[in-house]
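To keep things clear, I will list the structure first and then write my remarks on it.
We did not get these values from a lab; they are worked out from the coordinates using the rules stated. Because the structure is predicted, anything quoted here is derived from the model rather than measured. Methodologically, a virtual Cβ is constructed for each residue, glycine included, from the backbone with ideal geometry; neighbour enumeration extends over all protein chains shown.
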Amino acid sequence: MAGAGQTDTQLVEGNTTETDAVAAVAIGLSAVLFALAVAAMFERVSLTGTLAGVQTVTLLGGLLTALGVAVIAFGAGSRLGYVETDPDPSAGLIAGFGAAVPWVVVGGGVASQTLGLGTAGGAVGALVVGGVAFALTVLPREDLGSTLPLGSLLTLTGLVFLTGVIGPDWVWDLGWAQTASITAEFFIPVATLFSALYGGWASAKSYGGFGARGRHMGAYVLVYLNALSIVAFLFILVAYVVVQGVPGLLTGFELGLGTGPQTTILGVSVTLPVSVPFVMNGVALLNDFQGVLPAIVGTVWLVIGAVVLAVPLGVGAAVFLTEYADRGRFTQVVEVATNGLWSTPSIVFGLFGFAFLIPRFGNGKSLLSGMITLGFMLLPLVVITSREAMLSVPDEYRDASAALGVSKWQTIRSVVLPAALPGVVTGVILGVGRIAGETAPILLTMAGGTFIPGSQTVDVIGSFQFTAAPPFVANPALLEATSALPYQLFALITAGVGLGSSVSDPNAFRWATALVLLVVVLSFYAIGIATRYYFRRRLTHT
Amino acid sequence: MSENTTKQTQTESAATDSDQPLTTTAGETAERTQSEWTEYDFRGEAKMTVDDLDVYYGDDHALKGVSMEIPEQSVTALIGPSGCGKSTYLRCLNRMNDRVSSARIDGSVELGGQEIYQDGVNLVELRKRVGMVFQSPNPFPKSIRENIAYGPKKHGDLDTGLLARLLNRSDADERDELVERCLRDAALWDEVSDRLDDNALGLSGGQQQRLCIARCLSVDPEVILMDEPASALDPIATAKIEDLIDDLAEEYTVVIVTHNMQQAARISDQTAVFLTGGELVEYGDTDQVFENPHSERVEDYITGKFG
Amino acid sequence: MSSVTDAPAGRVTNALGARLRRVREFVTETESPALAIIAAMTLSLLASLVGFLVVSDLTIVPFVVFLAAAGIGWFRYQEETAYVIALMMTVSTILILGLIIVFIFRESVPVLRYESATVLGVSVPGLRMFIQPNWDAVSPPIRYSMVPMIHGTVMVTLIASAVAAPLGVSAALFISEIAPATVREVVKPGVEILAGIPSIVYGFIGFTVLGPWASDQFQTTGQGSYLFVGIVVGLMALPTVVSVAEDALSSVPESMKSGSLAMGTTDWQTMTSITLPAAFSGVSSAVLLGVGRAIGETMAATVMLRGVPRLTEPLVNVFYGQETLTSIIARNYGEADGLQMDALFVAGVILFVTVLVISVGAQYIEWRMHEKLGGEV
């Protein structure tokens, strides 16, 4: 077993040492700074106030300096051999550019503003300082290169805050024709945020002992942070709308027998035991509480119309493409066309509906035009998802059916379509969620006024009638301008101050509309995702 | 039983004293229990020692209490019917099973006397020392040269990047030497020396597999694990790979999974037979296992009565 | 009869000869009553299409004929009818794209004529929309320049891409390569839901929360800035980038990744040296599609921008947001008529063509990737 002694240290690493602990503390410090920066940016932490008994800016400066010193100390300690690491000869070009960018900003800013050298001087300063930072990152061994320039940056930022060079009252007027200034309120949190990211990156590399493992650590910290931020962003966004919208939604909320409005279900008149006026009323002068019922009903009909149009067309096209057509020029053209339709901006669909549909349906905005426009938008998504679902049906199924002498269409109908159903259903539900929230296309084709009286709640089924003149069937409800939730919200935003005359609390009304819209759309998504899980579980368990 | 006890002492001394002469167990006929297979003596030192290794995938108990010593600089073949856990076992030896989130592994695997299933094991270092060749050739979509240089580059042993070239410290010469040496060792050099910059995906299946072996050699491993390396190849390419394995055993410890018993008999020094259920049923000198197995089940398997 | 059956499909494919041959085969193989039904369906559907295009009240008549023919066909000759209906549905998807092109181009013609400019003695229609920066629909000289809106769209798209591309690719790497299974089950639907939040809701939050805040922070006159519209639009394009890039990353064969890991590389090295390069085309087409989404995003921009079509001063002043190609349509369609409405259609044409080019480009890149990976196994 010669050599076992040497390989000992390599294969199995020692337990956590104090140096690892230092690097871990530095990562933690970066996390704290990141959180503080975000809080300060959204004014949850006041820059002029104090935090834990210290001026906020001073605290940020002190923490940044400490982090910077820790990062440099770790790198220097590793270079001098006090800390056991495994660095590469160089930190690499990417790290070099990463370190150069903030130093370019610092160099340019200091040269052009602090030293007053103007734009040209700023550019020179930026290049020189950035170049030095780049060289300092790339040329020394990795442990020094990936800590020294970034650590210095952190220390510099920290000292600038600590000494009050940039304090809470700092303002930099950009001197542009359309005036704009960079204020401390913006600069300090943003500078802290980026410093924290750089500090976290450098400390994570140190924690991993540099080298391949260090870079792995550094990258993972950033990737995890990014994923976490996206989830947090989603959560905050939804929570914010809910918190803002619930008061408006529940205005006049009543629970109890006989409190709700009368409604007819299957010919039986029922009084609902719950009253939520916001979703059960329209807008009327005499109403105690105003609501958005017409818009909700409009959205429902809109979605139904779009689905009725797009799903058969889309599934039919997918059947043809996967089952009948040979792969060739024709299928390629259809594929390009559907993908092109999928990425066409929604406002272009609106323009198309405006130019093509409106003149053909009574020369005015109408529910029908909106349905068809949204149907066209939904179509490519149905084609794409149905096709994917059908392609994933194994050929053995088709062969087995064909081997029994079953004709092609019967095979499709009884083998392919049922097997592809889960994928199609999921795709359609998610697609519906998407179009239900679309505003731009219905803006030009369907939408009516800002406030719709409850009496104008669209009643498609009740409006069918036969006429003597062509086209013999008429449905005035389909041909009327109708509101839908997304449009209603848009109209409420653009209506601005004038809103106050119709609604007592316009802001609550808007937020409640946004909440209802969000709930409607997200419930489609929730159902879609749940359906997918359901089908997947059923597949794996049988 | 007394004979077994003697053998055990011998093995223990073998583990401490590398000069222990080769002993064989040929002629021993008694049906032995599984735990005794670890006590088998081979000519070399144990490179890897596996002790009571269990693997579970979720509720599925894929490997049951496997213990064996893998002697160095020899070829160890793992054979058995499909689903017997031989590939699972192989992937435990360089911890590739860590990639499977549902896998749970109990027991001990030592490489050169060091436990690889313990906290603080550096997987990078482990996999450098225990290389692997997969069932179907999996060259990277890069040039032949870059395929070979990939490992050393990633470990920081070779630097031919833009920066290194600018600073005039590029290791291009070392790289080219390494590429030639590995390709020669993998018996591929003559076929590809004039097109090292071509994409490796353009090679034939057999060439791709030898390229993967060359790639594995580039980081100078101690153990090479091969998971049915010839199963996707035609007979001529298979013969080339088999010759190659024979040569490799002079320098490396080779562990090879195969479902082809003739192949195992041809190339291996010792053979382990896994049977359905994830049990190691017999492990011994290849000639002995094939000609005179202890276990009836193994005999049935080898003579083709089942499996 | 064969040429009639063939009419809609033949227009679409260029391979007329091959198609005709196949139609002839189809005709000879099919019973004549079934053929008659199919002919009736095709003719009546064509007639109703023509009727619809010329805005005829009688459109309903051929359409009812079509329904009747299809109904009879369905009960008597299901096999053939199903085939023909599926074919018609396929053709209709192309037809819709064709109609969009025809109609938005047709509407934009008058203003292109009005905005002609003379270059080297040749009058180029529409050129004046791109060589001078004034949009004035009210006081003479009436000018409909697209320059300010193109500038706005470019600014917003650049900022949005700077947000969506790195964050999106990083999140895709996380979902496809890094996240443990349980975390993935949370993050993946999360990203999908993010895609589902209606753009008007983003716009509303941007308008009520971000707008006043930004105008306060940068001490600007009034609210609305390209910077924050760009960031919001970038977040909206993020899910597109994530889901397309994730598909590309997870289509890289596992054997390649294991091969790299078995060499003793870290996961991150495997990702950057093997997985990302192998999926490079898919990832770049994901970014392209994200850019396409950002260009076409309408409502958030409309609500958050100022609605004054002019260039910012200086051009890099991202703290002021004037108007984009999308927002000018959504904002002005109401009071616009005549040339101004047509000018909005020009904005639509620019959007449509740009995004279509991006979409086709992304598909081409992906197609190349499949060719490359297809040759490997």
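Report, to two decimal places, the Cα Rg of the protein assembly as shown normalised by 2.2 N^0.38 Å (N = number of residues).
The value comes to 1.08.
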Kindly flag which residue pairs out of B:Lys86/C:Lys257; B:Lys64/B:Lys153; B:Lys153/B:Lys240; B:Lys142/B:Lys240; A:Lys205/C:Lys257; B:Lys64/B:Lys128 have an alpha-carbon separation exceeding 30 Å in this structure. B:Lys64/B:Lys153
Might you report the magnitude of the Cβ-based charge dipole of region B:126-219 about its Cα centre, with Lys and Arg at +1 and Asp and Glu at -1, to the nearest 20 debye? 520
Can I get the semi-axes of region A:207-255's equivalent ellipsoid? Compute them from the C-alpha gyration tensor as square roots of 5 times the eigenvalues, in angstrom, largest first. 45, 6, 5
Taking the Cβ of each residue in C:Thr220, C:Thr90 as the centre, tally the other Cβ atoms inside 10 Å and list the residues starting with the fewest. C:Thr220, C:Thr90
Give the Rg (one decimal place) followed by the Dmax (whole number) of chain C, computed from C-alpha coordinates and expressed in Å. 26.3, 79
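Quick one: order A:Ser386, C:Ser285, A:Ser152 by neighbouring beta-carbon count within 10 Å, fewest to most. If you can, show how the numbers build up before the last one.
Details: A:Ser386 27, C:Ser285 24, A:Ser152 19.
Fewest to most other Cβ atoms nearby, the residues stand as A:Ser152, C:Ser285, A:Ser386.
Give the value in nm², to one decimal: projected area of the alpha carbon convex hull of region C:267-377, averaged over all directions.
Numbers: hull surface 41.0 nm².
Averaging across all directions leaves 10.3 nm² for the Cα convex hull.
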For region A:107-262 the translational diffusion coefficient, Stokes-Einstein from a Kirkwood Rh over Cα pairs at 10 °C and viscosity 1.306 mPa s, in µm²/s, is roughly 80
Percent of beta bridges antiparallel (DSSP, the protein assembly as shown, rounded to nearest 5): 70
Let me spell out the model: positive unit charges on the Cβ of Lys and Arg, negative unit charges on the Cβ of Asp and Glu, origin at the Cα centre of region B:35-303. What dipole size does that give, in debye rounded to 20? 1280
C-alpha center-to-center spacing [region A:12-80, region A:125-143] in angstrom: 23
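Using the Cα centre of the protein assembly as shown as the reference point, and only Cβ charges (+1 on K/R, -1 on D/E), how large is the resulting charge dipole? Debye, rounded to the nearest 20.
That gives a dipole near 6080 debye.
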Going from the fewest other Cβ atoms within 10 Å to the most, one would list B:Lys153, A:Lys408 as A:Lys408, B:Lys153
Which listed residue (C:Thr182, C:Ser281, C:Ala301) has the Cα farthest towards the positive end of the charge dipole for region C:146-374, taking +1 on Lys and Arg C-beta and -1 on Asp and Glu C-beta about the Cα centre? C:Ser281
Cubic angstrom per residue, convex hull over Cα atoms of region A:296-384: 98
The alpha-carbon pair-distance distribution computed for region B:163-205, with 5 angstrom bins and whole-percent values, is 6, 19, 22, 22, 13, 11, 6, 1
The alpha-carbon pair-distance distribution computed for region C:22-66, with 5 angstrom bins and whole-percent values, is 6, 24, 22, 16, 12, 11, 8, 2
Compute the separation of the alpha-carbon centres of region A:504-526 and region C:75-131 and state it in Å as a whole number. 37
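So what is the relative contact order for chain C, in percent, with contacts set as C-alpha pairs under 8 Å and at least six apart? Can you show the working numbers first?
Details: 498 pairs, mean separation 66.4, N = 377.
Value for chain C: 18 percent.
Can you tell me the relative contact order of region B:35-303? Whole percent, Cα pairs under 8 Å, sequence separation 6 or more. Can you show the working numbers first?
Values: 504 pairs, mean separation 75.9, N = 269.
About 28 percent, as a whole number.
With the cut-off at 19 Å, report for region B:62-163 the share of all Cα pairs above it, as a whole percent. Numbers along the way, then the final one.
Values: 2862 of 5151 pairs.
The calculated P(r) of region B:62-163 puts 56 percent of pairs beyond 19 Å.
Which value, in Å to one decimal place, does the Kirkwood hydrodynamic radius take for region C:11-95 when every pair of different Cα atoms is included?
13.7
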At 37 °C and a viscosity of 0.692 mPa s, what translational diffusion coefficient does Stokes-Einstein give for region B:141-282, taking Rh as the Kirkwood radius over Cα pairs? Give it in µm²/s as a whole number. 199
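Calculate, in whole percent, how much of the Cα-Cα pair population of region A:140-180 lies beyond 12 Å.
69
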Pop out the ³J(HN,Hα) list for region B:293-302 in order, Karplus 6.51 cos²θ - 1.76 cosθ + 1.60 with θ = phi - 60°, rounded to Hz; leave Gly and Pro as x. x, 6, 8, 5, 4, 5, 4, 4, 5, 5
List, in order, the whole-Hz ³J(HN,Hα) value for each residue of region C:36-42 obtained from phi through the Karplus relation with A = 6.51, B = -1.76, C = 1.60 and θ = phi - 60°; use x for Gly and Pro. 4, 4, 4, 4, 4, 4, 4
Based on the Cα coordinates of region A:30-114, what is the per residue volume of their convex hull in Å³? 161
Compute the separation of the alpha-carbon centres of region B:234-307 and region C:311-377 and state it in Å as a whole number. 64
What span do the alpha-carbon atoms of region C:174-246 cover on each of the three principal axes, reported in whole Å from largest to smallest? 49, 21, 19
Counting C-alpha atoms alone, how compact is region B:35-303: give Rg to one decimal and Dmax as a whole number, in angstrom. 19.1, 67
Cα point-scatterer Debye curve for region C:259-303, base-10 log of I(q)/I(0) at q = 0.13, 0.30 Å⁻¹: -0.48, -0.96
Identify, among C:Ala245, C:Ser225, C:Leu261, the residue whose Cα sits farthest towards the positive end of the charge dipole of region C:146-374, taking +1 on the Cβ of Lys and Arg and -1 on the Cβ of Asp and Glu, with the dipole about the Cα centre. C:Leu261
